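> The structure's right below; bear with me while I get my questions together.
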Amino acid sequence: MDASYFLISVLNGLSVGLLLFMLASGLTLIFSMMGVLNFAHASFYMVGAYVAYSITQVVGFWWGLVLAPPIVGLMGAAFERFALRKVHKFGHVPELLITFGLSYILLELVQLIWGRQAVDFRPPPSLQGPLFTIVQLPEALSLAWGSPPPVCKEIAGAICTTFPAFRAFGMGVAIAMLVAVWLLLTRTRIGLVIQAALTHPDAVEALGHNVPRVFMGVFGGGTALAALAGVIGGALRVTEPSMALAVGAVVFAVIVIGGMGSLAGAFVASVGLGLIESFAVGSDRSIADGLKAVGMAVTPETFGYVVWSVKMSQVAAILPYLLLVLILIFRPKGLFGTREG
């Protein structure tokens, strides 16, 4: 494994993981504070991308980035106030069903308003193109800002790999969001009220705080975080009606692996899955090679032809769900979780 491949795989894995964390953090907050597993969470991610796209067409990307999350957050708060709150007293199953139904409603609304085809949602011109280029020469590894330098064409054997500026920007947004949420929950009066409302709602009510309004704000804030991830993910990848389905299952794998309701667990699981996906997709090694690397003696007869010959890149898509199954078997509460439901 050459150094440039390793470095770019780490960077790509971190960018994928941090995008996953942006999406998973909202779902984690909603579950940890309210005990609600929101099946429509990925749909708010999709709506965030489309709302940002529409705003971008009028006033530019930066206004879309700023305005889309609070708009979608207000939609989430309204849903909690007028729909979810009505069924909350009946338990988890009605909550799951109503959010499941909402996901299909949002999908149909998106297709009615924006159509069934992908829309042309792009990063702003200032963030298009590479941020830097990793230059691997036969004798050294170096970093050049911007596009590939002339040395990439002048020296035989030079390997030059670019890293997109918008991908790096998305990583920065995710880190800033993590710090902001942590400070909000641990260093502000609002955060203390939110955490107290979870464990001692009667005491919080006695102090004059409106607990249902607190939960409405938490649900709205969680959906706003999903929309923020949608703005970054939609411009980074593709904005289309199937984008919610593409990330929905993975984000649930993230919160189960990290631990239901654990923000730290969601961060570790997101980054871990991102790195696993990045290295697996770019690997030309077989499953047998991977098993040998961890000390297992594998022959063609051990597990059959599939394990012996199938490449890691071919099974990269199922690795998060394989980890999900293993976590549920050996540690049902997840890596950092303290509750199961």
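> Given the conditions (1) aliphatic (A, V, I, L, M); (2) open to solvent by less than 60 Å² (accessible area, probe 1.4 Å); (3) within 31 Å of the chain's Cα centre (by Cα); (4) more than 28 Å from GLY26 (Cβ to Cβ), and given that MET216 satisfies all but one, which numbered condition is not satisfied?
(4)
> So which of SER283, SER242 is of a type in the set (Ser, Thr, Tyr) and modelled with pLDDT of 90 or more?
Criteria check complete, one pass: SER242.
> Same structure, new question: Given the structure, is GLY170 open to solvent by less than 80 Å² (accessible area, probe 1.4 Å) and on the phi > 0 side of the Ramachandran plot?
no
> Does GLY191 qualify as being in contact with a Leu (Cβ under 7 Å, 6 or more places away or on another chain), surrounded by 20 or more Cβ atoms within 10 Å (Cβ to Cβ) and more than 16 Å from PHE21 (Cβ to Cβ)?
Criteria not met by GLY191.
> Select from region 289-335 the residues that are open to solvent by 90 Å² or more (accessible area, probe 1.4 Å), part of a loop (DSSP other than H, G, I, E, B) and at pLDDT 85 or above and list them in ascending order.
ARG331 - this is the single residue of region 289-335 that is open to solvent by 90 Å² or more (accessible area, probe 1.4 Å), part of a loop (DSSP other than H, G, I, E, B) and at pLDDT 85 or above.
> Oh, and also: Mind checking which pairs have a first residue in region 200-225 that is in contact (Cβ under 8 Å) with a residue 12 or more places away in the chain and a second that is basic (Lys, Arg), Cβ under 7 Å, 6 or more apart or different chains?
Going by the 7 Å Cβ cut-off, the qualifying pairs are PRO212/ARG85; MET216/ARG81.
> Residues of region 221-231 being open to solvent by less than 10 Å² (accessible area, probe 1.4 Å) and over 18 Å from VAL110 (Cβ atoms), which ones?
Within region 221-231, just GLY222 meets the criteria.
> Quickly run through region 194-213 and pick out the residues that are of a type in the set (Val, Ile, Thr) and either open to solvent by less than 50 Å² (accessible area, probe 1.4 Å) or in a loop (DSSP other than H, G, I, E, B) (or both).
Selection gives ILE194, VAL204, VAL211.
> Residues that are within 23 Å of LEU236 (Cα to Cα), at pLDDT 90 or above and open to solvent by 20 Å² or more (accessible area, probe 1.4 Å): list the helices (runs of 4 or more DSSP H) wholly contained in region 34-146 that include at least 1 such residues.
By residue number, 41-59, 61-79, 92-114.
The values are calculated or read from the model by the stated rules, or taken from the named source; none is laboratory data. Note that the coordinates shown come from a computational prediction; the quantities given were computed from them, not determined experimentally. Don't worry about glycine lacking a Cβ; one is built from the backbone with ideal geometry, like all the others, and counts go over all protein chains shown. In case anyone asks, the SASA skips ligands and DNA or RNA and just uses the protein heavy atoms, side chains included. Shrake-Rupley method; radii C 1.70, N 1.55, O 1.52, S 1.80 Å.
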